[in-house]
Structures are given as C-alpha cells and as structure tokens.
Amino acid sequence: MDWAEPEVGLTLGEGAFGVVSVCKRRATGEEFAVKMVDKVETTVEAIKKEAEMLQAMARQPREQLKCFSRRCFVCIVMDKLDGGDLVEGLQRHLKERGQINCHDVVHVACPGSWVMAGAHFTLLGWTSLVVDVYFCFM
Ligand SMILES: Nc1ncnc2c1ncn2[C@@H]1O[C@H](COP(=O)(O)OP(=O)(O)OP(=O)(O)O)[C@@H](O)[C@H]1O
C-alpha cells in the first residue's frame with residue numbers, strides 16, 4: 001500500500017480536530033486532502049467518530065476511507081474539494097451579487113440538512129438530530 005509515505009503539502013485549513021493539508025499519493029500523483037488529528041490531544045473514541053463522520057459524508061461512501069498513522073497524528077485521507085472556503089464564498093457572493101434570496105436556497109438547504117441529520121443521528125444521537133431537524137424547518 002503506497003499510503004505509507006504520502007507527500008503532505010500546503011495547508012488547506014484548520015478545524016477543531018486539527019490541520020487539513022494537501023496530500024499527494026506518490027505512486028499516482030493524485031491529490032487528496034488529509035486531516036491530521038493529534039493523537040495526544042484527541043481520544044481514540046473521538047478520532048473514530050470523526051473518521052466515521054467523514055466516511056458517511058464521502059462522495060463514494062462505499063469506498064473505504066484511507067487512514068494512516070504518523071508518530072503524533074492519525075491521518076484521514078479525503079477527496080480534495082476545490083470550491084474554497086464557505087464563509088469566504090458567501091462574503092464574495094454578498095459583495096458581487098448581493099444577498100441570497102431565501103426562496104432560491106430552500107431546495108438545496110433542505111436535502112442538505114437531511115444528509116447532515118442522518119450523519120449526526122448515526123454518530124451522535126438524538127440531540128443533534130433534533131437541532132438539525134429544527135434548522136431544516138426554519
Ligand atoms: N476535503 C477537503 N478539501 C479541501 N479543503 C478542505 C477539506 N476538508 C477541509 N478542508 C479545509 O480545511 C478547513 C478545516 O476543516 P475541518 O474539517 O478540520 O474543520 P471544519 O469543517 O471547519 O470544522 P470542524 O472542526 O468542526 O470539523 C475547512 O474549513 C476547509 O477550508
């Protein structure tokens with residue numbers, strides 16, 4: 001398996017679980033994103049939950065998510081998404097085209113919320129489901 005020594009490159013962003021960077025598979029040159037979760041600061045249970053959440057959100061969910069371990073990190077490989085940062089995109093839209101009409105986004109927002117509700121329900125239980133369903137009907 002050539003994931004043993006992938007090439008980790010530029011940082012894409014940072015979240016609660018650690019840094020996300022560009023990652024290149026040496027054998028093929030394909031680019032992915034890799035989330036590097038600190039083994040010392042994060043419990044095994046939390047890392048498992050994060051990996052399961054990413055697996056549930058994957059573009060091809062049936063394909064097994066690739067993970068590898070480095071000295072201090074568990075590295076979770078994902079498809080690299082090139083759409084940019086959501087908040088920056090919203091701000092750019094506001095500046096260039098004005099406010100988004102609520103009626104235009106409802107068809108996208110509702111199915112999206114149901115996907116999130118499903119993922120949260122599987123992993124985190126009822127509390128998140130209730131919150132997500134609330135947002136879905138807002
Ligand atoms: N698959 C990806 N492809 C490209 N960029 C990504 C990818 N995943 C994450 N990023 C970038 O890295 C940033 C941090 O992602 P990360 O998933 O760690 O945190 P988050 O989604 O912002 O929130 P949380 O920490 O609650 O999970 C994102 O805001 C995004 O800019």
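Starting from the Cα of MET57, step 7 Å along the direction of its Cβ; do the same at HIS107; then give the gap between the two resulting points in nm.
For the pair MET57/HIS107, the computed spacing is 2.5 nm.
Please enumerate, by chain and number, the aspartates and glutamates with C-alpha under 13 Å from the C-alpha of LYS24, excluding those fewer than 8 residues away in the same chain.
Straight-line reach from LYS24, under 13 Å: ASP2, GLU5, GLU7, ASP79.
Whose amide H sits under 5 Å from the amide H of LYS80, counting only residues 5 or more places off or on another chain, with H placed in the peptide plane?
ALA33
Quick one: which residues, 5+ away or cross-chain, put their amide H under 5 Å from the amide H of LYS66? H built at 1.01 Å from N.
VAL77
Can you work out ³J(HN,Hα) from phi for every residue in the stretch 83-93, in order, using Karplus 6.51 cos²θ - 1.76 cosθ + 1.60 and θ = phi - 60°, giving whole Hz and x for Gly and Pro?
x, x, 6, 4, 5, 4, x, 5, 5, 5, 4
Go through the stretch 39-51 residue by residue and turn each phi into a ³J(HN,Hα) via Karplus (6.51, -1.76, 1.60, θ = phi - 60°); whole Hz please, and just put x for glycine and proline.
Those phi angles translate into 5, 7, 7, 10, 6, 4, 4, 5, 5, 4, 4, 4, 5 Hz.
We did not get these values from a lab; they are worked out from the coordinates using the rules stated. These numbers come from a predicted model, not from an experiment. All Cβ positions, glycine included, derive from the backbone under ideal geometry; neighbour counts span all protein chains shown.
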